Amino acid sequence: MGLDITWAVDWVRRSAETVAEHRTRLIALDREIGDGDHGENLDRGFQAVLPKLDDLAAGSTPGDVLKLVATTLISTVGGAAGPLYGTAYLKGAMAAGSATSLDGPAIAAVLTAARDGIVARGKAESGDKTMVDAWTPAVEAADAEAASGADARTVLEAAASAAEAGAEATEPLVARKGRASYLGERSAGHRDPGAESSALLLRAAADAAVAAAGD
Amino acid sequence: MGLVFVSHSAKIAEGLVELAAQMAPETALIAAGGTDDGRIGTSFDRVSAAIAEADAGHGVVVLCDLGSAILTAETALDFLDDEVRERVRIVDAPIVEGGVAAAVAAQAGDGLEAVVAAARSAAGGDVDAGEASAAGPGSTSADGANGPQRTVRLVNPSGLHARPAAELVKLASTFAEPVTVNGTDAKSLLAIMAMGLTKGAEVVIASADPAGGAAVDALAELVESGFGEV
């Protein structure tokens, strides 16, 4: 079963909810190795998306929702997360195209495009202790599931679990990109807040898919 | 030619406009600092608006401070029309030094690529450092032994600061030969300004190249003329 506009809107609502819920934790993580604004910035960004969901035109697609998130985050998130997530959602929207329903391979393609957008914008590689460390394992897991014929919900579940493991695995790493890189060795021992928020957003996508399947 | 200063801090961006405007009063210098609601951060909308304001069709050079300022500026570029994007450059350079150097070049009427090069010349200082060690602190006498040298006195009220420094560097840059002011590369605006020479200071203008006589004479005459201030 494919995922449609209802899933996409639900994903955004769940994203706003989980970011708001983990706002303090993200701020704490970012305060340890960054400038401490990640939770606040991301919360503001997603809260700004919510009222705009009601203005979506009839017949909007998942791609339209992703594009709405992209432009809103770019305009409202003051830190690096704005352009990075904004680019991710924008590239994801382009991969989704005008499809009204996204199946397993389509979801995997959206995630791949999003990850590629983050890499292109931030120029970070795996192991640099950034959100890429959550996204790359997520994309690899999603691709593997999609290739074996899994449906969209299973693809997202695999992506979310891999992103969570990837975020956890950033803890011992020494940051080589972003504000945390100024700390050098001292950044080791702390989880990267961008990887953590990426995992939260992908978990929200998987939860929304489970809810959609239960309808 | 227009310049855009993207900083996490509105005060830094505005202060830089103020500083650079001393040397580039007729150049479009636009501040894009802070977030839309005045917090520390960078704003896609502010940067986009600043680029539009700075763009008079001849090019825009964008200087950024920390990481996300560059990301925001790059994202703003992605959203420009292709025709506009072609004449906008983001320069990875120290925002203050690069910004001032770019402003002076823009004010002097340089084209887009020359302004970009001026901004980059302030990055890291490796180019300047190489030239400085070649000319060398305290190497004035050595220069004098090999090439032409003249000693003049600064007569203008503001000394070798801001506009006069820019004029001197601009003139020095028109000569192929190396030329120094008190042993410092006369083609490096930042190095000249860093000396902080004030009215009444004795200035030794020299070239290590025996063919540098015209350059030394031109700079000495500019200094003696008082840069139009007297």
* To do: For segment A:63-78, state which residues have at least 50 Å² less accessible area in the presence of all protein chains than in their chain by itself, taking the probe as 1.4 Å and leaving out ligands, DNA and RNA.
  => A:ILE74, A:SER75, A:GLY78
* **Selection from B:ILE30, B:LEU19, B:PHE79 lying farthest towards where the dipole of segment B:2-121 points positive, charges on Cβ** => B:LEU19
* Asked: What is the list of residues in segment B:70-99 whose amide nitrogen lies under 18 Å from a point 7 angstrom out from the Cα of A:ALA48, following Cα to Cβ?
  -> B:70-80
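With +1 on each Lys and Arg Cβ and -1 on each Asp and Glu Cβ, and nothing else charged, work out how big the dipole of segment A:5-214 is about its Cα centre, in Debye to the nearest 20.
Numbers: 20 positive and 29 negative charges, 105 e Å.
Here segment A:5-214 has a charge dipole of around 500 debye.
Compute, for segment A:6-81, the length of the dipole vector about the Cα centre, with Cβ point charges of +1 (Lys, Arg) and -1 (Asp, Glu) only. Units Debye, rounded to 20.
With Lys and Arg at +1 and Asp and Glu at -1, about 100 debye.
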* Structure fact -> Given Cβ charges of +1 for Lys and Arg and -1 for Asp and Glu, the option among A:ALA152, A:ALA106, A:THR130 whose Cα lies farthest towards the positive end of the dipole of segment A:1-156 is A:THR130
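Tell me, what is the per residue accessible area of segment B:2-121 in Å², probe radius 1.4 Å? It would help to have the intermediate numbers written out before the result.
Working: 4760 Å² over 120 residues.
Result: 40 Å² of accessible area for each residue.
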* **Debye log10 I(q)/I(0) for segment A:5-214, one point scatterer per Cα, at q = 0.09, 0.11 Å⁻¹** => -0.30, -0.45
* Asked: Considering the zone a paramagnetic label at A:ALA99 would reach in this model (a point 7 Å from Cα along the Cα-to-Cβ line), which residues of segment A:144-178 have amide N under 11 Å from it?
  -> A:152
* Dipole magnitude of segment B:161-230, debye to nearest 20 (Cβ charges: Lys/Arg +1, Asp/Glu -1, about Cα centre) -> 260 debye
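Within 10 Å of each candidate Cβ there may be at most 13 other Cβ atoms; applying that plus a DSSP loop requirement, which GluC sites (Glu not before Pro) in segment B:83-121 survive? All intermediate terms of the calculation are to be shown ahead of the outcome.
On the way: sites: B:GLU83, B:GLU86, B:GLU97, B:GLU113; in loops: B:GLU86.
Of the GluC sites (Glu not before Pro), the ones in loops of segment B:83-121 whose Cβ has at most 13 other Cβ atoms within 10 Å are B:GLU86.
In Å², what does the accessible area per residue of chain A work out to with a 1.4 Å probe? Mind showing how you got there, number by number?
Numbers: 8380 Å² over 215 residues.
On a per-residue basis, chain A sits at 39 Å².
The values are calculated or read from the model by the stated rules, or taken from the named source; none is laboratory data. Not measured: the values here are computed from a predicted model. In this analysis, Cβ positions are derived from the backbone assuming ideal geometry, glycine residues included, and neighbour counts consider all displayed protein chains. Remember, those area values only see protein heavy atoms, side chains included, never the ligands or the DNA or RNA. Shrake-Rupley method; radii C 1.70, N 1.55, O 1.52, S 1.80 Å.
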